[in-house]
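Some notes on the structure that comes next.
Here, each number is a calculation from the coordinates, and none is a lab measurement. The shown structure was predicted, so the numbers you read here are calculated from the model rather than taken from an experiment. FYI the Cβ positions are ideal-geometry reconstructions off the backbone, even for glycines, and counts take in every protein chain you see.
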């Protein structure tokens with residue numbers, strides 16, 4: 001079996017032992033009927049102190065306030081950071097041989113007031129948010145405590161807190177073990193296989209530890225709004241299974257939407273109010289996509305773009321040398337849907353190093369940096385980032401704030417929702433899932449359309465492993 005396999009299995013065994021020692025249910029705290037006097041604190045340490053005093057609404061308000069302030073600070077710092085600092089970083093990765101240092105001109109940063117408009121307010125109004133939830137929708141806000149993980153479960157008639165009472169180091173290690181298996185669907189001979197027992201066991205353990213304690217209170221809920229925290233940002237909840245012997249993924253029961261803050265959510269715009277318009281960028285011709293040590297081309301990115309264009313002949317398609325940064329900047333604000341099938345890189349620890357790759361022509365370097373995304377005027381209902389690891393990238397993950405992802409940048413710039421990926425994606429399965437999604441678009445809400453496309457791929461022979469259908473997640477700024 002080997003040393004590595006034993007180490008992985010021992011992590012799962014340890015998780016199971018701890019789980020059964022603490023019992024099959026988390027410590028649960030109910031909200032008081034009477035609204036408490038809200039604290040003005042934004043100290044995470046005060047979250048659990050208020051939970052223990054049974055001031056659940058107060059505890060959640062403190063967490064939300066901290067998240068909103070952190071988002072505002074991070075985005076403002078990224079905007080004001082001289083984007084020229086990314087140049088040596090890109091060159092160290094073999095990107096941008098035609099790049100000029102002055103191509104990253106420092107732009108005027110938007111002030112905190114502009115960011116507050118996107119978030120709605122710097123002061124959370126969770127009672128108002130709760131009143132907007134219907135009986136079919138629940139919100140789960142995970143939190144990293146001092147020694148463990150917890151979660152707030154918000155329904156339209158209650159707010160509850162769960163302390164999972166399992167050491168967070170054990171959960172983090174189990175997530176790391178599961179992630180390593182999620183991103184490898186091949187056997188020793190390079191053949192595609194389904195989810196093996198070790199992966200299913202790990203997904204089941206995480207389900208028992210982090211979701212099962214809440215599920216009894218999810219009666220009637222079909223849509224879940226999730227704020228992940230810590231290592232929970234590395235895997236999508238929908239791949240967890242309720243059965244260790246046979247896959248029974250949460251995706252088969254729930255529709256998932258992710259967000260960075262409950263405060264950023266607003267009522268959904270109905271699709272009938274939007275005129276359909278689609279911009280497609282595929283397989284851009286960048287000079288860094290060839291040569292030793294450079295980024296590899298994504299073979300099916302062009303095919304994917306053409307397939308989507310075939311479904312909507314009136315869409316605008318830019319490929320190869322035409323898929324330039326200049327064209328994207330000038331046109332991105334004019335479309336309801338923007339589909340970007342290209343390379344992406346996200347640095348969770350240093351968001352200023354995050355970027356999407358376009359064609360380096362027309363005097364541009366072809367690197368659409370996160371600073372430039374934040375400065376763009378975007379009115380899109382949906383941005384699809386059909387690229388590699390655009391949800392969470394390299395670098396340390398924050399405990400109680402969603403990492404500086406590409407999706408968050410597009411939403412801050414005005415996008416209502418963003419589809420991005422949690423690991424490097426398989427280009428053939430991506431093309432399949434995207435065309436399946438677009439074939440449903442207009443007949444279902446965005447989240448349901450994407451869920452059905454994932455389920456269809458899951459049931460397709462050769463694509464049952466969650467590596468293929470699991471990485472894409474929907475970030476939404478609406479209810």
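Could you calculate the FRET efficiency of residue 439 with residue 156 from 1/(1 + (r/R0)^6), where r is the beta carbon distance between them and R0 is 56 Å, rounded to 0.05? The value I calculate is 0.95.
Equivalent ellipsoid semi-axes for segment 145-196, as square roots of 5 times the alpha carbon gyration tensor eigenvalues: give them largest first, rounded to whole Å. Intermediate results must be reported in sequence, preceding the final value.
Details: eigenvalues 235, 52, 7 Å².
Equivalent ellipsoid semi-axes, largest first: 34, 16, 6 Å.
How much length is gained if the chain between residue 428 and residue 460 is pulled fully straight, taking 0.36 nm per residue apart and subtracting their Cα-Cα distance, in nm to one decimal?
Details: separation 32, 0.36 × 32 = 11.52 nm, distance 1.28 nm.
Net length gain for the segment: 10.2 nm.
Taking the number of Cβ atoms within 10 Å of each Cβ as an exposure proxy, the fewest-first ranking of 406, 319 is 319, 406. Distance from the alpha carbon centroid of segment 431-452 to that of segment 322-379 works out to 24 angstrom.
Put in order of Cβ neighbour count within 10 Å, fewest first, the listed residues 460, 342, 137 become 460, 137, 342.
In plain terms, the residue of 181, 314 with the fewest other Cβ atoms within 10 Å comes first and the most crowded comes last, giving 314, 181. At an R0 of 41 angstrom, the distance between the Cβ atoms of residue 218 and residue 322 translates into a FRET efficiency of 0.30.
With a cut-off of 19 Å on the backbone N, the residues of segment 317-349 near the modelled label site 7 Å out from residue 306 along Cα-Cβ are 317-324, 339-343.
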